[in-house]
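What follows is one structure encoded as structure tokens, with my remarks underneath.
Readers should treat all values here as calculations from the given coordinates under stated rules, not as data from a laboratory. Remember, it's a predicted structure, so these values are computed and weren't measured experimentally. Don't worry about glycine lacking a Cβ; one is built from the backbone with ideal geometry, like all the others, and counts go over all protein chains shown.
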Amino acid sequence: MQSIEAIISLLVFLSLSAVFIAQLGQPNPPDDSLYRLQLAEDAWRVLYLQGHFHDFNEGKRLALEEDMKKITDETGLCVFMEGTEITSCRGGDEEHVMTASLSKTIIVDGKPKTVSFSIGK
């Protein structure tokens, strides 16, 4: 009787060990969300320091998109403001995915306006 109990205990131990070892073999993908948020904040800061968001108007929009394209060339990520209204990735048939978004304030016609600023692919 004791030998049957020992065999059953051994089988339970081996099956639980196999499950535990299988979970160890599959590492979780790294969480890079903080990196993406910091990258979005850095892109915003670069454009802000260049003076694009003070008294924002259509004339500054073209210069903003040109500088957004420079950021895209360096990072490989598209830069968006107000969805795809102002972006560094115009055209193409692919669907754009925004991976990190920030809520920021710009001055438009002398009045503050909150806009969404995003990076993605």
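Quick look at the values:
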quantity	calculated
3J(HN,Hα) from dihedral phi, the range 101-113, Karplus parametrisation 6.51/-1.76/1.60, rounded to Hz, x for glycine, proline	10, 10, 9, 10, 10, 10, 9, 10, 6, x, 10, x, 9
Amide proton proximity set for Cys89, modelled H, under 5 Å, gap of 5+	Val79
Helix 2-24 axis, angle to the chain major axis (alpha carbon atoms, nearest 10°)	10
Normalised contact order of the range 38-112, rounded percent, pairs of Cα under 8 Å and 6 or more residues apart	36
Dipole moment magnitude, nearest 20 debye, the chain about Cα centre, only Lys, Arg, Asp, Glu C-beta charged	240
Which of Ala40, Ser103, Ser88, positive extreme of dipole for the range 14-121 (C-beta unit charges)	Ser103
C-alpha center-to-center spacing [the range 51-87, the range 1-47] in angstrom	40
Crossing angle, helix 33-49 versus the chain [Cα axis fit, 0-90 degrees, rounded to tens]	10
Gain on full stretching of the segment that runs from Ala18 to Thr75 - 0.36 nm per residue minus C-alpha separation	16.3 nm
Cβ-derived FRET efficiency at R0 30 Å, Glu58 paired with Tyr35, nearest 0.05	0.35
Per DSSP, loop GluC sites (Glu not before Pro) in the range 22-88 with at most 14 further Cβ within 10 Å	Glu82, Glu85
